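What follows is a set of notes on a single structure, which appears directly below.
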Amino acid sequence: MKPASYEYHRAHDLEHALELLGELGEDAKPLAGGQSLVPMMNFRLARPSALVDLTRLDELRYLRPEGDGLRIGALTTHRAVEKATGLGGFGVLSRAARWIGHYPIRSRGTIGGSLAHGDATAEWCVLAVLLDARIVLRGPHGERTVPAAEFFHGFLSTAAEPGELITEVVFPHPAPRAALTEFAQRQGDFGLVVVAVALETEDGHCRSARVAAGGVGSAAQRLPAAEQALARTELTERALTEAARAGVAELEPPEDIHASAEYRRTLTATLLRRACLEASA
């Protein structure tokens, strides 16, 4: 299908982009990599009155270590993170980027666009929740920062207000023992379930764990029951299998044509075990 008619505007810098969005009204949409928005427009699931092209905003393309943390500009592509070196305790970001779509998608899609889209199974959304990321937004009323745990409100719904743009995502603390894994029906498809973990280990045991998942609810979310089940667990495959099953036993994932709730629950436990083994190694 073809998209409904719309106006096209190209922003020259961030201030120009915000000015255009303010003038064009709430029905205007920013266009970053276009890997989420354009397909929705083609299927008439989104009908913006205007697009504001952000592709010339080079000031929003960067990976910048700062203290113990890492700041990533909103227009940084998935591929740029995938091939980045020297990320230290944030190596999980590079490893996770390989799960995103196919090479052309990773080459054009952006971190900011993925976060703004707010898909529950998007790798960046799950990692943002896992690592306590902060989402920085600029809009008509200035700049504000929203914790990732408060940014994703539900199905394709976020805390971003009309006229606001995500300018960067801040990962405040390194996670040297972290991993993300997922399962999709075909390589490059959206994951049925995505699981990410960050572990603190000592003498072959898990001292504490952070667990986030996508595909088990309307938004990416932490799994506190799984975190408690993994704490003080021996880092063996058998022990992790038992802890993972116990941690997801009370999950109530959605059902659809792709998977039942029970299948998603079992899949979550399997992926959680795999992620823990990868992180611990």
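The values are calculated or read from the model by the stated rules, or taken from the named source; none is laboratory data. Note that the coordinates shown come from a computational prediction; the quantities given were computed from them, not determined experimentally. Quick reminder, even Gly has a Cβ in these numbers, built from the backbone with ideal geometry, and neighbours come from all protein chains shown. Just the protein is used for accessible areas: all its heavy atoms, side chains included, with ligands, DNA and RNA removed. Shrake-Rupley method; radii C 1.70, N 1.55, O 1.52, S 1.80 Å.
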Legend entry - Förster radius 22 Å - calculated FRET efficiency between Y103 and N42 (Cβ-Cβ, nearest 0.05): 0.60
Inset, instruction - Please give the length that would be gained between S208 and Y6 if that part of the chain were fully extended, namely 0.36 nm times their separation in residues minus their C-alpha to C-alpha distance (nm, one decimal). - result: 67.7 nm
Legend entry - Amide H partners (placed H, <5 Å) of E168, local residues excluded: A74, V136
Inset, instruction - Give me the number: length gained by fully extending S49 to R64, i.e. 0.36 nm times residue separation minus the C-alpha to C-alpha distance, one decimal in nm. - result: 1.9 nm
Legend entry - Estimated distance in nm for a label pair at E237 and S218, the labels positioned 7 Å out from Cα along Cα-to-Cβ: 3.9 nm
Legend entry - Tilt relative to the chain, helix 14-24 - C-alpha long axis, 0 to 90 degrees, to 10: 70 degrees
Legend entry - Dipole-positive endmost among A97, V38, F155 within the chain (Cβ charges, Cα centre): A97
Inset, instruction - Report, by chain and number, residues whose modeled amide H sits under 5 Å from the one on T158, excluding near sequence neighbours (fewer than 5 apart, same chain). - result: H153
Legend entry - Karplus (6.51, -1.76, 1.60) ³J(HN,Hα), θ = phi - 60°, over the stretch 216-228, in Hz, Gly and Pro reported as x: 10, x, 7, 8, 4, 8, 6, 10, x, 5, 5, 4, 5
Legend entry - Area accessible to solvent at S107, 1.4 Å probe radius, in Å²: 50 Å²
Inset, instruction - Quick one: plug the Kirkwood hydrodynamic radius of the chain (C-alpha pairs) into Stokes-Einstein at 25 °C, 0.890 mPa s, and report D in µm²/s. - result: 127 µm²/s
Legend entry - Long-range amide H partners of L51 with built H, under 5 Å: E7, Y8, H9, K29
Inset, instruction - Please name whichever of V170, Y8, V197 sits farthest to the positive end of the charge dipole of the chain, dipole taken about the Cα centre and charges placed at Cβ: Lys and Arg +1, Asp and Glu -1. - result: V197
Legend entry - For the chain, calculated [θ]222 nm from helices alone, where every DSSP H run of n ≥ 4 adds -39500 (n - 2.57): -9000 deg cm²/dmol
Inset, instruction - Compute log10 of I(q)/I(0) for the stretch 134-249 with the Debye formula, placing one identical point scatterer on every Cα and leaving out solvent, at q = 0.15, 0.18, 0.19 Å⁻¹, to two decimals. - result: -0.81, -1.03, -1.10
Inset, instruction - Taking the Cα centre of the stretch 159-201 as origin, sum charge times position over the Cβ atoms of Lys and Arg (+1) and Asp and Glu (-1), and report the length of that vector in debye to the nearest 20. - result: 260 debye
Legend entry - About the Cα centre, charge dipole magnitude for the chain (Lys/Arg +1, Asp/Glu -1 at Cβ), debye: 780 debye
Legend entry - Approximate spin-label separation H258-E23, in nm, with each point projected 7 Å along Cα-to-Cβ: 4.0 nm
Inset, instruction - Tabulate in residue order the Karplus-calculated ³J(HN,Hα) for the stretch 229-240, using 6.51 cos²θ - 1.76 cosθ + 1.60 with θ = phi - 60°, rounded to whole Hz; enter x for Gly and Pro. - result: 5, 7, 4, 6, 7, 5, 8, 10, 4, 5, 5, 5
Legend entry - Exposure of E143 as accessible area (Å², to 10), given a probe of 1.4 Å and all protein chains: 120 Å²
Inset, instruction - Quote the charge dipole size of the stretch 159-281 about the Cα centre in Debye, to the nearest 20; the model charges only the Cβ of Lys and Arg (+1) and of Asp and Glu (-1). - result: 340 debye
